Amino acid sequence: MSKVSEALLFSSEWGISFFRTQKEMKNIVQEDKRTPFGNRTHLNNVGKSISEIKWRIKPKRFSSPSTQVELYFNWLNLVSDERTRRIIAASLIDYYIPVSDEEYEKLKKKKDIEFKYISTFALHFDLRKMPKERNSLCYDAEMEEMTDEPFITYKQWVEEGTEEQKFFALTYGRIEEVKIPLVKRKSMSHRFYTLSRAKKYISKDFSDLHDSYLNTSMTYQIPSKKDFRRLAERVTEYCLLFAELDYYKIDKYKDKTQKEMLKLIYKELDKQGFPHPTEVIFPRGLHLVWKISPIAAYRSFEWELMQKKIHSILEPFGADKQTVTDKVRLLRIVGSVHSKTGKKVWGHSFTDDRYLFDELINTFYPGEVEREKERRRKNREKYLKKQEQKFEVLKGGLSQYLKGERKEKKDENYTSNYVGNIIHEKYRRDLIKLIDLRHGKMNGYREFCCFLIRYWTLCITDGKSVKAINETEKLYYSMEIEGDYSLQDIISYTSSAESAFKKWKVNWTKGYNYRNDTLVNFLNITKEEQKQMWILIDDEETKRRDAERHKEKRKENGAVGHNEKRELIVKIIKENPSLSNVQITKQVTEILGKCSRNTVIAVRKELYI
């Protein structure tokens, strides 16, 4: 092989490799767009195999909140976006709210409810002194007498009211000093830290505080909007498995010490073949913690399986059932004070290593995740097939509607607005198809997809709420198990579809009439995925389809494609090389009906003839 040939071959191979690499990179970028926190696969390898865990000869005692943060969340140094992730610490605070006399009489009969009293002023309007010429203030005063408490009326009219309201209150009202009861309530006050700020300030903020807690999973917040909340749907990673043991509530163990209980627990874990916890926190009972390689929130099903496994083993020791699958559970912060015992909470760390979560799930639930994925895949296929059958029925109804031949009896699930139905049904079918193409993996879009299905179903069925919820439930279970919400969460979060439908029904321009481009961009529908959509396509795909339809139409009207002409010209030239361009043009025209001399010349140039 000559040097030129070798160079051309190398150039060709490099070009193929380069474009393949570019395509792979494009796919990675598209996948990262779908996952708001980028590629986190490297976090799966943060842990170690059970056999490789290095245990301390003597457990390390710690009572500093910053040490606890370092143990639980040091993996945050490895993520690409640490800015939006927040470590959550919280403490219980007392506050008092006013109650009516009626509520006070009921509450004071109950035990363990604290009250205090404050002096304030109350305003009573004398309706008999009101001016004969009624005005808006008179009507407002009458409403106040019927609804609000007198001390609230005083605050609204005298302390916070306008000059006109104050004058009216002093003229036609009676002010008296009263004592009102306040009932004590407890609330959780949260603080949100980045890893660096938590290491620096959390010990100062929470050491020696009563009843303080630390989160067990990582959540994202929106600092730019000052939107900080501890919500399950905001979980980004699970990095801990845990169990809260209130063994002191069980008669059998109530007299045992924490050390004695720990021996019994370890014995049971060994019996069940389950690894020991990496940390143990000592509040009133026991908090057991297993540090794991961080897993993305979409793997919540697997995390819940392991949590349930731990609970099944430790249930005899008072494992708290209500906290098993709490995705944003708070556990006690070391260094804080337990209000019921008056003692400081402290902990033992047995290793700096983490368990490999994949090894744990494959050891204790081999094949379970795959079986569940397969079940969901079948659900998706079944649901998609059913929706396409419905659409065919509806499409037939549209045809009859447009021809003026609509039947008197029709499917009770659909309104008489067939044109509107067909559009919403197309959207619904495309969304289900998209979920199927992505094998149910809709991380970042799950709630929105369920909202769309609920809203579109309401529009199709003329507001049948039960039907819409049923369709939402089917879609929820057709998506991959690796979801962030429970079904109850989804039903609650998509409830705004009901009010949106009511607006749409009154005036369709007031409803959610999304542009196709908007949905395509929001759901990050790729060019390949758009080729299998009916209506969820952008302008570029629309133009491509229009061009294809135009091409087909021209073909039906006798137009001949360039490739067909070229193939025939090449064939004629090979069979009769001596023919002139004019002769070839005539032969092609006789067969295909149309051909120009310039086309023949162009083909000859391509063939170097």
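The values are calculated or read from the model by the stated rules, or taken from the named source; none is laboratory data. These figures come from a predicted structure and were not determined experimentally. Reconstructed Cβ throughout: ideal geometry from the backbone, glycine too, with neighbour counts over all protein chains shown. In case anyone asks, the SASA skips ligands and DNA or RNA and just uses the protein heavy atoms, side chains included. Shrake-Rupley method; radii C 1.70, N 1.55, O 1.52, S 1.80 Å.
Things to note:
- If you go through segment 117-128 and keep only what is out of contact with any strand residue (DSSP E or B) (no Cβ under 9 Å at 6 or more places or on another chain) and open to solvent by 100 Å² or more (accessible area, probe 1.4 Å), you end up with just 128.
- Segment 520-544: number of residues that are under 17 Å from residue 434 (Cα atoms), part of a helix (DSSP H, G or I) and touching a helix residue (DSSP H, G or I) at 6+ places or on another chain (Cβ under 8 Å): 6
- Output for segment 432-481, where each listed residue is touching a Leu at 6+ places or on another chain (Cβ under 9 Å), in a helix (DSSP H, G or I) and of a type in the set (Lys, Arg): 433, 454, 467
- Of all residues making up segment 257-287, the number that are free of Cβ contacts under 8 Å to residues at least 12 places away in the same chain and assigned to a loop (DSSP other than H, G, I, E, B): 2
- Among the candidates 96, 72, the residue that is aromatic (Phe, Trp, Tyr), in contact (Cβ under 8 Å) with a residue 40 or more places away in the chain and under 30 Å from residue 238 (Cα atoms) is uniquely 72.
- Test for residue 417: is it at pLDDT 85 or above and open to solvent by 60 Å² or more (accessible area, probe 1.4 Å): no
- From the options 522, 501, residue that is under 19 Å from residue 456 (Cβ atoms) and in contact (Cβ under 8 Å) with a residue 60 or more places away in the chain: 522
- Out of 187, 203, 207, one residue alone is exposed (fewer than 13 other Cβ atoms within 10 Å of the Cβ), touching a residue at least 60 places away in the same chain (Cβ under 8 Å), within 44 Å of the chain's Cα centre (by Cα) and closer than 25 Å to residue 339 by Cα. It is 187.
- Filter pass, residue 238 being touching a residue at least 12 places away in the same chain (Cβ under 8 Å), open to solvent by less than 40 Å² (accessible area, probe 1.4 Å) and assigned to a loop (DSSP other than H, G, I, E, B): no
- Only residues that are open to solvent by 20 Å² or more (accessible area, probe 1.4 Å) and either touching a His at 6+ places or on another chain (Cβ under 7 Å) or not charged (D, E, K, R) (or both) were counted across segment 427-450, and they come to 6.
- Any hit, segment 470-490, residues being more than 20 Å from the chain's Cα centre (by Cα) and crowded, with 23+ Cβ neighbours inside 10 Å: no
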